[in-house]
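The values are calculated or read from the model by the stated rules, or taken from the named source; none is laboratory data. Small disclaimer: the values here were computed from a predicted structure and weren't measured. Cβ coordinates were reconstructed from backbone atoms using ideal geometry, including for glycine residues, and neighbour counts include every protein chain displayed. For the accessible areas, the whole protein counts, side chains as well, though only heavy atoms, and no ligand, DNA or RNA atoms are used. Shrake-Rupley method; radii C 1.70, N 1.55, O 1.52, S 1.80 Å.
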Amino acid sequence: MFGDHFYHATMRKSVAVFGTLFNNLKVVRKKSDGSSINQVRVPLAYGPKQKFLARLDQETGRDATMSIKLPRMAFEITGITLDTTQKLNKRNQVAETHASDVGKKKTIKHYTSYDIGMSLYILVKNQDDGLQIVEQILPYFQPEYSVTITPVSGFNYKQDVSVILGGVQIEDQYEGDFTERRVLIYQLDFTMKMKFFGPTTDQAIIREVNLDFHDKVNTTAIFEEMDFTVGASDTADSFTVTETITQDGTE
Amino acid sequence: MPRNVYFSQAVKSEQHLYEDLIIESLGIYGQDVYYIPRTLINRDNVLNEDPASSFDDAYLLEMYIENTEGFEGSGDLYSKFGLEIRDDATFIVSRRRWESRVGIFDDNTIDPRPQEGDLIFLPMTNSFFEISFVEDDSPFYQLSNLPVYKMQCTLFEYNDEDFETGIESIDEATAKVAYQIPMDITITGGNHFQIGEQIEQIISSDTSAVNVAVTVSSGAFYLNTTQYPALTLPIGATVTFDQSNASNSGHPFKFSTTANGTHASGSEYTTGVTVTGTPGQAGAKTVIVVSASTPVLYYYCPNHSGMGSTSKLTSSYLSPVKVFGEVQQRTKSSDILSKIWVSNIGSSGTTLVKDFSVGGTITGTTSTYTGTIAVIYSDLTDTTGQSWSTDETAQNIDFELDADGFIDFSESNPFGDPSETY
């Protein structure tokens, strides 16, 4: 019913945008005199992964040297909710110049706004590592940080994606008997304001207008013809309108 | 009813025999392991942790692994953070053996014992276990004695701690999992850097020319608008005292090792000093090249006493801003090109975190060899399939490369700079 296949990979782009925001955070460890011992760029990964790929990526087949390497960050999509505060006017559409055919325009007639829930998880061994990471993030979200993207391939149309930080949760299982592992996770909950775009279409442009003025009684008689045309290679930025007016069969 | 006094449960000879038998059994059925004590580097007394712990010693010791059918624990788990191995094991060590091999080197504790947080390296599986709990009374007072420590351990969560135990297998195993940055180095004179040595790249040092504006007011020299300041002159720098301001007229700017100079029976210091022009006129200046042998100097006017007060000009090496790291692996690509993997990267001399940069000169602190960084296989620029930081699961570069196609970077992004190299 809805027509041709289209796929703008909106969710995939959301993941890449979100990952890019947090791919350059560092943790620095210092001695008591303030000089740094080492610095680590915190590894970041999209949480969901095929398990066999996890096995392929990480050494298997023999006993592990370490349990896990920390600190590290992961994120995942937690939900997709309709953004009821935004609605596209039905007569509004995205339209751009066609690259190869001046007689057409590229258009997108439909899009809807959705809130994509994203959660960023920071797994650390020390509070100081986690707090360093969190502190490098929080000041930029007041509570939103906007990233500009070109959401539809082939279109120059730009969209500001607001990434809104909703809150930070800390999970620190430090109590219990000595044999229990301490798990220290910081969870930052974000909302991304994304738009889902419909199919793209090439829409013909009105390049010629013909007006015929007829006799009201003798409808075959034409008093005047007015033809307006633009050149075959004219564009919206560079065009010449040719007017041709014919009266009583004579121009 | 009191205990029968004719039967003693604490006969020393029996206790020693029992302990000897246990040591013998551990020697037969046990495994050779390394006991690795933790060294606290910078304990945070507010957050109650020591993120920068290091492990600098390793002691070979026999221990019995209580688990007979494999490690305990949850085993291999997959979570959003990737693969995590939760193996647990219980090691048993003789008290006497531990105290004679490890405890005697502990100067900080009155009654040393294995500590929670210390590590055990099991060469058989090439695994590091962290002691999570030390049971010191099991079995419970056999012959009124406690001959063993039972240590409940869990596979170590690595947090980029520094391992310098001197045991090759341990240091290598940790180096392989340490965060590393691979880079190509154009070396000088065919001298490749050594594995394990520290390399440094000087980002900046404060030996550039320093200019100080000199003015005179109310019978006193003002340096950079401050009266009688004490200055530190960077060694290696050329410092210019600019006397072109008209207020300097009749007040030459001189140095002496004596406060107030010739007015206090001192003499003028002229080593490395060049005087140009007439004070108070354009181009007038006193220039001094500061070296390591430059003494503490006082400035004065030979025509008027007290213009320089007792303010000192001291010279010292100012801390250069440098990035440093440790060469973990190296391959020789050619006679002039090395590929090295650098870990434990840090920077000094500044509050800002600095990184190695392409084109920078690096120096080996042990070998004193030098080279130039040709390529840094960073997580942000590497498209050659080089693993970044030896972390196979990191997607830092993947997100950025994918998003480059549709993120509009004309609006600044504080988190990721696409032009940055690591």
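Expressed per residue, the C-alpha convex hull volume of the range A:107-251 stands at 200 Å³. Interface residues of the range A:170-184, defined as those with an accessible-area decrease of at least 20 Å² between the chain by itself and the complete set of protein chains (probe 1.4 Å), are A:Phe178, A:Thr179, A:Arg181, A:Arg182. Residues of the range B:5-52 whose accessible area, computed with a 1.4 Å probe over protein heavy atoms, drops by at least 20 Å² once all protein chains are present relative to their chain alone are B:Ile41, B:Asn42, B:Leu47, B:Glu49, B:Pro51, B:Ala52.
As a size descriptor, the averaged projected area of the C-alpha convex hull of the range A:7-128 was calculated at 14.2 nm².
Note on the range B:1-122: with neighbouring protein chains present and a 1.4 Å probe, carbon and sulfur make up 50 percent of its accessible heavy-atom surface. Dipole size of the range A:112-175 about its Cα centre, with +1 on Lys/Arg Cβ and -1 on Asp/Glu Cβ: approximately 400 debye, rounded to the nearest 20. Under a Gaussian network description of chain B, with springs only between Cα atoms under 10 Å, the residue in B:Pro114, B:Pro295, B:Pro123 that fluctuates furthest is B:Pro295.
The sum of -39500 (n - 2.57) across all DSSP H runs of n ≥ 4, divided by the residue count of the protein assembly as shown, sets its helix-only mean residue ellipticity at 222 nm to -3000 deg cm²/dmol. Backbone geometry of the range B:21-37 corresponds, through the Karplus equation with coefficients 6.51, -1.76 and 1.60 at θ = phi - 60°, to 3J(HN,Hα) couplings of 5, 5, 4, 5, 5, 5, x, 7, 9, x, 10, 6, 10, 9, 8, 10, x Hz, x marking Gly and Pro. Return, ordered by residue number, the residues of the range B:31-45 whose backbone nitrogen is under 20 Å from a label point located 7 Å along Cα→Cβ of A:Asp33. Once the point is set 7 Å along Cα→Cβ of A:Asp33, B:39-45 turn out to lie under 20 Å by backbone N, inside the range B:31-45.
For A:Gly231, the residues 5 or more places off, or on other chains, whose built amide H falls under 5 Å of its own are A:Thr240.
Beyond 40 Å, what share of the Cα-Cα pairs of chain B is found? Please give it as a whole percent.
On the way: 43189 of 88831 pairs.
Pairs farther apart than 40 Å: 49 percent.
Under the classification rounded if a/c is under 1.5, otherwise prolate if a/b is larger than b/c and oblate if not, where does the protein assembly as shown fall, given a ≥ b ≥ c as square roots of the Cα gyration tensor eigenvalues? Cα axes put the protein assembly as shown in the oblate bin.
Which of A:Asn92, A:Asn24, A:Asn126 moves the most in a Gaussian network model of chain A with Cα springs under 10 Å? With Cα springs under 10 Å in chain A, the top fluctuation among A:Asn92, A:Asn24, A:Asn126 is at A:Asn92. If you take all other residues with their beta carbon under 11 Å from the beta carbon of A:Tyr121, and give Lys and Arg +1 and Asp and Glu -1, the sum is -1. In plain terms, the chain from B:Ile202 to B:Leu47 could stretch by 52.5 nm, reckoned as 0.36 nm per residue minus the Cα-Cα distance. Distance between the modelled labels on B:Glu268 and B:Asp408, one decimal in nanometres: 6.7 nm (7 Å Cα→Cβ projection). Return one number: the angle in degrees, 0 to 90 and rounded to the nearest 10, between the long axis of the Cα atoms of helix A:127-137 and the longest principal axis of the Cα atoms of chain A. The angle comes out near 20 degrees. Out of every Cα-Cα pair that the range B:157-296 contains, those further apart than 19 angstrom amount to 67 percent.
Going toward the positive end of the dipole of chain B, with +1 on Lys and Arg Cβ and -1 on Asp and Glu Cβ, which of B:Thr165, B:Asn245, B:Ile362 do you reach last? Going by the Cα projections, it comes out as B:Asn245. Label-to-label distance, A:Thr244 versus A:Thr84, with points set 7 angstrom from Cα along the beta-carbon direction: 5.7 nm.
Just checking the listed ones, B:Ala58, B:Ala282, B:Ala394: in the Gaussian network model of chain B with Cα springs under 10 Å, the one fluctuating most is B:Ala282.
Subtracting the Cα-Cα distance of A:Asp237 and A:Ser113 from 0.36 nm times their residue separation leaves 41.5 nm of extension gain. For the range B:150-226, the list of chymotrypsin sites (Phe, Trp or Tyr not before Pro) that fall in a loop by DSSP and count at most 10 other C-beta atoms within 10 angstrom is empty.
Listed values for the range A:154-162 are Karplus-derived 3J(HN,Hα) couplings in whole Hz (6.51 cos²θ - 1.76 cosθ + 1.60, θ = phi - 60°), namely x, 10, 7, 3, 10, 10, 8, 9, 7, and x replaces Gly and Pro. Return the FRET efficiency for the residue pair A:Phe178, B:Gln142: r is the Cβ-Cβ distance, R0 is 22 Å, and the value is rounded to the nearest 0.05. Using R0 = 22 Å, I get an efficiency of 0.40. The modelled label-to-label distance between B:Gln115 and B:Ser348, using points 7 Å beyond Cα along the C-beta direction, is 2.5 nm. What is the angle, in °, between the Cα long axis of helix A:10-21 and the longest principal axis of the Cα atoms in chain A? Nearest 10 is fine, range 0 to 90. Between helix and principal axis, roughly 50 degrees. Take the Cα radius of gyration of the range B:1-152 and divide it by 2.2 N^0.38 Å, N being the number of residues; the result is 1.23. Heavy atoms of the protein chains alone define the surface here; on that basis the protein assembly as shown has 51 Å² accessible area per residue at 1.4 Å probe size. Near the amide H of B:Glu49, within less than 5 Å, lie the amide hydrogens of B:Asp44, all on another chain or at least 5 residues away, with H placed in the peptide plane. Which FRET efficiency value, to the nearest 0.05, is calculated for A:Ser100 and B:Gln281 with the Förster distance at 60 angstrom and r the Cβ-Cβ distance? Taking R0 as 60 Å, the efficiency between A:Ser100 and B:Gln281 is 0.25.
Would you mind working out the magnitude of the charge dipole of the protein assembly as shown relative to its Cα centre, with +1 at each Lys and Arg C-beta and -1 at each Asp and Glu C-beta, to the nearest 20 Debye?
It works out to roughly 1740 debye.
What is the angle, in °, between the Cα long axis of helix B:168-177 and the longest principal axis of the Cα atoms in chain B? Nearest 10 is fine, range 0 to 90. Helix B:168-177 sits roughly 70 degrees off the main axis of chain B.
Can you give the charge dipole size of the range B:1-138 about its Cα centre, rounded to the nearest 20 debye, using +1 on the beta carbon of Lys and Arg and -1 on the beta carbon of Asp and Glu?
300 debye
Of the options B:Ala220, A:Asn92, B:Ala178, report the single residue whose Cα projects farthest towards the positive end of the charge dipole of the protein assembly as shown (beta-carbon charges: Lys, Arg +1; Asp, Glu -1). So the residue we want is B:Ala220.
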